[in-house]
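A quick write-up on the structure given underneath.
The values are calculated or read from the model by the stated rules, or taken from the named source; none is laboratory data. Quick caveat: nothing in here was measured; it's all calculated off a predicted structure. As a convention, Cβ positions derive from the backbone with ideal geometry for all residues, glycine included, and neighbour counts pool all protein chains shown. These accessible areas exclude ligands, DNA and RNA; they are computed on the full protein's heavy atoms, side chains included. Shrake-Rupley method; radii C 1.70, N 1.55, O 1.52, S 1.80 Å.
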Amino acid sequence: MVGRSSRVSGLGYVIGIWLMLAVACTSAGAEGQATPVAAASPPAQPCQRFEPLYPAALPGVFVGTGDWADYDSDGDVDLALTAGDIGGGPDLRIYRNDGGVWHLVFMPLRPLTGSDVAWGDYDNDGDLDLAFAGHELDRAVTIIYQNRGGEFRESGVGLPSVPYGSLAWGDADGDGDLDLLLTGADNEGGQTLLLINERGRFSTTATDLPALHSVYGASLAWNDYDGDLDQDLLFVGDSFQPQAIVRIYRNDGGSLVEVNAGLPPLRYATAAWADYDQDGDLDLALAGDADPNPGDVKLSPWAALFRNDNGFYVEAQQLAAIYGGALT
């Protein structure tokens, strides 16, 4: 089973993409055609703190989301990017990274407007496929693009669709293949669906997970935060109550159980797992609006790094405050 890599998602009017160097340590010190996009070379950075690294020479996006992964297995990370608008053109693109130079290698012919994308090897053939949640004209669609030797084709797998969806791959039932979590909403309400992978076909299973308000406030990520060798869930977003949700669900034999992890509620939040202190467990970066009043137009951007202390998260370092951004 090949999983997925780092993700960038969230609400934002993004006019460019910046790569970030995240460093924390204890020591000093059209389809099928490749279109090149030059990228700047990153300057040297000290191993001390989180710093902007360099602007990537990629198109600006409006309400964008993306996912990094080495889809061509050449040792560097590539990028799937989708948005409400990308540089005035098609709204789903895959860029191949060739030594820091970005090549546009895929754009679908369908008029898609993006909500979210996620890499994952759903068919267990050893390469990374791409799940897309978004819209085609006035209808919601969820599509898996199958990676066939570096070329991407619609898989034909039937999946439910939700407006303004967000999605994430993870082996929820521990059977060795990737399942898909899908959440989204429209004016009539929200849905959160766990789709279990059964040899490349998906069935919906019931969960107690809340429905999130929309993709713009959602951040979903699977990982083993408690070290018991199954996939737990980081579930962040805004519900219809209204309520800000920042939760971790522990995977107990395929059942997702909410735990008290000590994380603060944030509106329009984004979050990401990483073992920043290299102690063998997963820490968290968390950012969003800290204003507790959902009706308040005043925003209180806030971001921090949380250290994992035996499954409970303790604030370790405040980061540059952002609103409507993303962490990866």
- Criterion: touching a Pro at 6+ places or on another chain (Cβ under 9 Å), over 21 Å from G184 (Cβ atoms) and at pLDDT 90 or above - qualifying residue of A304, A290: A304
- Item | Those residues of region 254-269 which are hydrophobic (A, V, I, L, M, F, W, C) and part of a strand (DSSP E or B), in sequence order | L256, V257, V259, A269
- When restricted to D116, D121, D98, D78, the only residue of a type in the set (D, E) and open to solvent by 20 Å² or more (accessible area, probe 1.4 Å) is D98
- Restricting the first residue to region 146-170 and requiring it to be assigned to a strand (DSSP E or B), which pairs with a second residue that is among the acidic types (D, E) meet a Cβ separation below 6 Å and a spacing of at least six or different chains? Q146/D129; N147/D127; N147/D129; S166/D116; L167/D116
- Message: Can you pull out every residue in region 259-290 that is touching a Lys or Arg at 6+ places or on another chain (Cβ under 6 Å) and surrounded by fewer than 20 Cβ atoms within 10 Å (Cβ to Cβ)?
- Response: V259
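Any idea which residue in region 177-215 is surrounded by the fewest Cβ atoms within 10 Å (Cβ to Cβ), counting only those that are hydrophobic (A, V, I, L, M, F, W, C), more than 14 Å from the chain's Cα centre (by Cα) and modelled with pLDDT of 85 or more?
Step one: filter region 177-215 for residues hydrophobic (A, V, I, L, M, F, W, C), giving 178, 180-182, 185, 193-196, 202, 206, 209, 211-212, 215.
Subsequent filtering for residues that are more than 14 Å from the chain's Cα centre (by Cα) retains 178, 185, 193-196, 202, 206, 209, 211-212.
Filter again for modelled with pLDDT of 85 or more, leaving 178, 193-196, 202, 209.
Numbers: L178: 25, L193: 23, L194: 22, L195: 21, I196: 16, F202: 21, L209: 19.
Filtering first and then ranking leaves I196.
Give the residue, chosen from A140, A218, that is aliphatic (A, V, I, L, M) and within 17 Å of the chain's Cα centre (by Cα). Before you say what the answer is, go through the steps one by one.
Values: A140 fails: within 17 Å of the chain's Cα centre (by Cα).
Of the residues listed, the single one that is aliphatic (A, V, I, L, M) and within 17 Å of the chain's Cα centre (by Cα) is A218.
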